[in-house]
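> Below you'll find the structure I mean.
The values are calculated or read from the model by the stated rules, or taken from the named source; none is laboratory data. Keep in mind that this is a model prediction, so the values were computed, not measured. With ideal geometry, Cβ positions are generated from the backbone for all residues, glycine too; neighbour counts draw on all protein chains shown. SASA here: full protein model, heavy atoms, side chains in, ligands and nucleic acids out. Shrake-Rupley method; radii C 1.70, N 1.55, O 1.52, S 1.80 Å.
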Amino acid sequence: MNPEYEAYCDLMRRVADVGYAGDLLQWDQEVYMPEGGGKFRARQLATLAGIRHEMGTSDELGSLLNQLKGDTALSDTAQKNIRESLRKYDEQKKYPNAFVVTMQDTVSRSFEAWQRARRANDFALFRPMLEKLVELKQEEAQLLGYEDHPYDALLNLYEPGATKKELDAMFGRIKSELVPYAKQLAGLPAPDTSFLARNYPRNHQWEFGLYLLERMHYDFTRGRQDISAHPFTTNFSPDDVRITTRIREDDFREMTWSTIHECGHALYEQGLPADMYGLPAGEFASLGIHESQSRLWENHVGRSRAFWTFHFPVLKEKFPENLGTVTSEEFFRAINAVRPSLIRTNADEVTYHLHILIRFEIECGLVNGQIRVGDLPAVWKEKYQAYLGLVVPDDAQGVLQDVHWSHGAFGYFPTYTLGSIYAAQFYTCAAEQTGGIESDMENGQTERLWHWLRAQIYAHGRTLSPGELCRQATGRTLDFSTFMKYIISKYGNVYGIS
Ligand code: CO
């Protein structure tokens, strides 16, 4: 094999080793670390992140990449690895050190300010730091460069190749099709959801979560489930992919659908090619594609009638007092109830995207200077009134609800909606191509769907852009219509309209 390519692989894998060591410390911090451990843990994480950054932007890596660039004697996958690594390397090199230091400092102070502001329910405490952050993000867009709109530069950090223009079109259709549809559903008699909020003992929920994970082929020899404040998935290689959940005894939904969601993320990570560890071909394609995997399992599988045809009797047996008299049809309707709400993370599958639409419009306005930070609470309230028909009572339940902006993450929110649109297209296509996915689910089987995802999505790692991956897997570019068709068919069913 090409000795330079081998040196490149070795270096990339050592960078990955350091990164994953940090991720393990992070996982521990959120799952096991005693409260007092925070101060030195932050230090250790910063040191590892610094070493990783140095290795990943070293001249050694740069010269290897430039030597290997355009070497057509390399295998197709090797050439793709080099191309993607070089793109990332060049991106990192665009940041002057002084900018990185200022950004890091501003982000950690912003996060603290945001926490204080949220506790005090007072946006004014966050405002000065957020103003500083927005300025830095505008500067960052200039540093990174863009063709059309500065927002593209920020968006591409999470979703390579995506543009504001495409998102404008997608959110335009959300505005013209999904917003009125959500309003229509809100005017119909709501399904009874009372039985989901009875007392569901913790240990029985925990066992049911493990049962679902096993049925979905989550590999416990290469992963584990734990409890944390906010559910998440993390991995240290494809052979160690961990998920967390949280349990509310008075609401069965929290544990169940967070478990299914994180399992979708985890199946993707466990399915990435292990021989490509540390290289782009062994990494997830983008945040939008990652989220498509979690939402495909959470919504298309985990909120389907077919899935619960098999699993509802098992659930009923675990909680006979709560569900003994409930039919599987009543259960299916309850878990798909649509109701406009103030908080994004509690939103249903339909109104969720109205929350993202609002954040997208605000982010674009902030980045190009059309919205001022000081006006945010008022803008927020106006948009919630317009799109969700809700009165926002205060900033804690309004503009201060999400952590993202305090982390400096602008351009991240749209990947959640992209995830759902991709999920609908992947699921629809898998069902058409393979046939029988639904009847499989009625029998508690999901292998057919899982194998399609392994071959069409997981196996490619980051060798394709999200757009290329979508075209190759489904034969079409991403199309909002497939998502909308799915929503109308499913909720027409749930609400008895057509
Ligand atoms: Co997710």
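> List pairs: first in region 467-482 and of a type in the set (Gly, Ala, Ser), second modelled with pLDDT of 95 or more and buried (at least 17 other Cβ atoms within 10 Å of the Cβ), Cβ under 6 Å, 6+ apart or cross-chain?
Pairs that qualify, where the first residue is of a type in the set (Gly, Ala, Ser) and the partner is modelled with pLDDT of 95 or more and buried (at least 17 other Cβ atoms within 10 Å of the Cβ), are 473/456.
> Can I ask one more? Among the residues in region 90-111, are any modelled with pLDDT of 95 or more and aromatic (Phe, Trp, Tyr)?
No, there is no match, as no residue in region 90-111 is modelled with pLDDT of 95 or more and aromatic (Phe, Trp, Tyr).
> On to the next question. Cβ-Cβ under 7 Å, sequence separation 6+ or interchain: first residue in region 306-323 and on the phi < 0 side of the Ramachandran plot, partner of a type in the set (Val, Ile, Thr). Which pairs?
Final answer for the pair search is 307/301.
> From 367, 314, which residue is touching a Lys or Arg at 6+ places or on another chain (Cβ under 8 Å) and among the hydrophobic types (A, V, I, L, M, F, W, C)?
Sole residue among the options that is touching a Lys or Arg at 6+ places or on another chain (Cβ under 8 Å) and among the hydrophobic types (A, V, I, L, M, F, W, C): 367.
> Kindly indicate which of 498, 489, 420, 481 is modelled with pLDDT under 95, within 22 Å of residue 182 (Cα to Cα) and among the polar types (S, T, N, Q).
498
> Please go through region 263-301 and give me each residue that is in a loop (DSSP other than H, G, I, E, B) and either within 14 Å of the ligand (Cβ to nearest atom) or modelled with pLDDT under 95 (or both), ordered by number.
284, 286
> Give the residue, chosen from 154, 185, that is more than 24 Å from the chain's Cα centre (by Cα) and open to solvent by less than 60 Å² (accessible area, probe 1.4 Å).
On inspection, the qualifying residue turns out to be 185.
> Which one is farthest from residue 202 (Cα to Cα) among residues in region 226-260 that are part of a helix (DSSP H, G or I), touching a residue at least 40 places away in the same chain (Cβ under 8 Å) and within 14 Å of the ligand (Cβ to nearest atom)?
Top of the filtered list is 260.
> Check residue 100 against each of (1) open to solvent by 70 Å² or more (accessible area, probe 1.4 Å); (2) β-branched (Val, Ile, Thr); (3) within 30 Å of residue 374 (Cβ to Cβ) and name the one condition it does not meet.
The number of the failed condition is (1).
> Looking only at helices (runs of 4 or more DSSP H) that lie completely in region 58-141, which have at least 3 residues being of a type in the set (Lys, Arg)?
By residue number, 76-93, 97-120.
> Still on this structure, I have one more. Output the residues belonging to region 176-223 that are under 30 Å from residue 387 (Cα atoms) and outside any helix (DSSP H, G or I).
187, 188, 189, 190, 191, 192, 193
> In region 390-429, what residues are part of a loop (DSSP other than H, G, I, E, B) and within 16 Å of the ligand (Cβ to nearest atom)?
402, 403, 409, 412, 413
> Given the criteria away from the ligand (no atom under 16 Å from the Cβ), surrounded by fewer than 21 Cβ atoms within 10 Å (Cβ to Cβ) and at pLDDT 95 or above, does residue 202 qualify?
Criteria met by residue 202.
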